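In what follows, a structure is listed as structure tokens, so that the remarks can point back to it.
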Amino acid sequence: MAISRKGKIGWGSIAILAVVLLLFLLGSCSSDCDDESEEPAPKATATATVTATPSPPGSQVGALVDTARSQVQQTGLLVAFHDASDNDEAPSGDWTVCFEKATLSKVDFAAVPNGAPCPKKDGHPIPWPKMPNITGTTYAEAVDRLKDVAGDVDIEAAYADESAYDTDNLSGGYAKWIVCFQSVKAGTALVGAPEVTLHAVEKGAACPTSTGTYKDPTNDPAYVTPDVGQPEDDNSSSTGGSGSSDDYDPGDKGGCPPGGCYNPCPPGGCH
């Protein structure tokens, strides 16, 4: 470094000092400055488009067709219905759902008429219950056995000249009456829960041979009083017949005509 004679630093010397200082600063940040000047490259971002899937409506087995339809339509899914039995009928709103099959876009329901039992499998016959044999049971027992498979269970008197009527009564005045006849034959399919009429008698009484029989035959409007036989005529029996002595032919052996021989003499002979 050159110093002037007057003890001051010259402009040339200052310029040299400035260059040296600049080189020093550049050297000291060569490693750090490079890192700061290089910005990290932006990361690639993938954007996925998600299509909303309708929420499932939940199982509708056991619900009415109208209820199932309303629940499914709220989810945005398509809905279809068909007959669950082998009858191939068009389901109405009060039918009951037995089976359901769902896809991503549609729910297909199989239903049966209201009150009908579901078949074992979709498309199989409806297993209607069979009418049991309830003759000999009490009316109350019959009502209890038929309450889930039949409609109204009525009782009527088995004898035409007795009065009895009640419906679905387990504890009424006819509860202990004994069933003699049933309007639906045992073993008959109870399609659509039909009404059943039972003809019965009071407990301890004998059943008639058929319905419409009168317990007291004289109460029957068609009853006819039997004819009473007339006594025979004594005179006709004593004569031994209607024959006449004038027409009698004694033949070779002789004899008296019917009624005896006429004898004008009194006993003992004529005098």
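Couple of notes before you dig in:
- Amide proton proximity set for Ala160, modelled H, under 5 Å, gap of 5+: Gly212, Thr213, Tyr214, Lys215
- For region 89-193, GluC sites (Glu not before Pro) meeting the loop criterion (DSSP other than H, G, I, E, B) and having at most 14 other Cβ atoms within 10 Å: Glu89.
- Beyond 32 Å in Cα-Cα separation lie the following of the pairs Lys147/Lys203; Lys130/Lys176; Lys106/Lys130; Lys120/Lys185; Lys130/Lys203: Lys106/Lys130.
- His124/Thr218 FRET efficiency (R0 45 Å; Cβ-Cβ; nearest 0.05): 0.20
Only the coordinates and a few stated rules stand behind these numbers; no lab work does. All values derive from a computational prediction rather than experimental measurement. Glycine gets a Cβ as well: all are built from the backbone with ideal geometry, and neighbour counts include every protein chain shown.
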